[in-house]
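Quick notes on the structure that follows.
The values are calculated or read from the model by the stated rules, or taken from the named source; none is laboratory data. No experiment lies behind these values; they were computed from the predicted model shown. Heads up, the Cβs are rebuilt from the backbone with ideal geometry, glycines too, and the neighbour counts pull from every protein chain shown. What goes into the accessible areas is simple: the full protein's heavy atoms, side chains included, and nothing from ligands, DNA or RNA. Shrake-Rupley method; radii C 1.70, N 1.55, O 1.52, S 1.80 Å.
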Amino acid sequence: MPPQKAAFFDVDGTLVKTNVVHVYAYYAMNRGSVLGIAGRTLSTALSVPLFGVMDALDRKTFNEFFYRYYAGLSEDRLITIAEDMFEDVLQPALFEQSQDLIDQARRSGCKVVLVTGALDFTMRPLARHLGADDLIANKMQFVGGKATGKVIPPIIEGANKANAIRAYCVKENLSLDKCHGYSDSASDYAMLAVVGRPTAVNPDLRLRSIARAYNWPILDLK
């Protein structure tokens, strides 16, 4: 009998210690000429404070702005670098208990689904490594094999994560009430609230307060 429930996992801060800015920085340092690499790396470093402010104020606006930095990159090169980026950036940044959390969800009869605002090609090696059944992520628009810097709507963030989870459950004939959700950020409140069994993982101060108010389980991974 196929699973009737799923465990939906946010990635950044929940399963790994990195974020989308670290991922882009890796791409910036691993393509093109030495001069071009230096320019992109410096530009990314100088923009980090701006990224932080935008992310805190409006996740959707942040994603739309941030992914413009990918404009002009080759689709083939992005996919190729993703494998190295996983080994160099994501795998070392996995929390020690992340795999245990994934395995526990599978043993309880859940499909394992990663739900992230990161770009899908950057997350596929991680999803494969963790043994996830599916991946819900942002998709870059490509024209002529080059990234346009625009994400195909809807952008996966905030309330749209909850909408994506609802749609996934309808498509896969899963019961939302039986599904689990895991995230570290109050920006994912809608994602956690839409499932029957939410858990705050490494929660920020606001989510920790929300979790306590609603008696949601809280996990602090190492």
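Observations
- Taken together, the residues in segment 104-123 that are small (G, A, S) and assigned to a strand (DSSP E or B) amount to 2.
- Of all residues making up segment 132-144, the number that are over 21 Å from K171 (Cβ atoms), in contact with a helix residue (DSSP H, G or I) (Cβ under 8 Å, 6 or more places away or on another chain) and open to solvent by 30 Å² or more (accessible area, probe 1.4 Å): 1
- Tally, over segment 145-159, of residues that are in contact (Cβ under 8 Å) with a residue 60 or more places away in the chain, open to solvent by 30 Å² or more (accessible area, probe 1.4 Å) and out of contact with any Ser or Thr (no Cβ under 7 Å at 6 or more places or on another chain): 2
- Here the condition is being part of a helix (DSSP H, G or I), touching a residue at least 24 places away in the same chain (Cβ under 8 Å), open to solvent by less than 20 Å² (accessible area, probe 1.4 Å) and under 17 Å from V151 (Cβ atoms); of L90, L126, L78, L101, it holds for L78 alone.
- Pick from segment 165-222, criterion surrounded by fewer than 18 Cβ atoms within 10 Å (Cβ to Cβ) and acidic (D, E), ranking: nearest to I102 (Cα to Cα): D220
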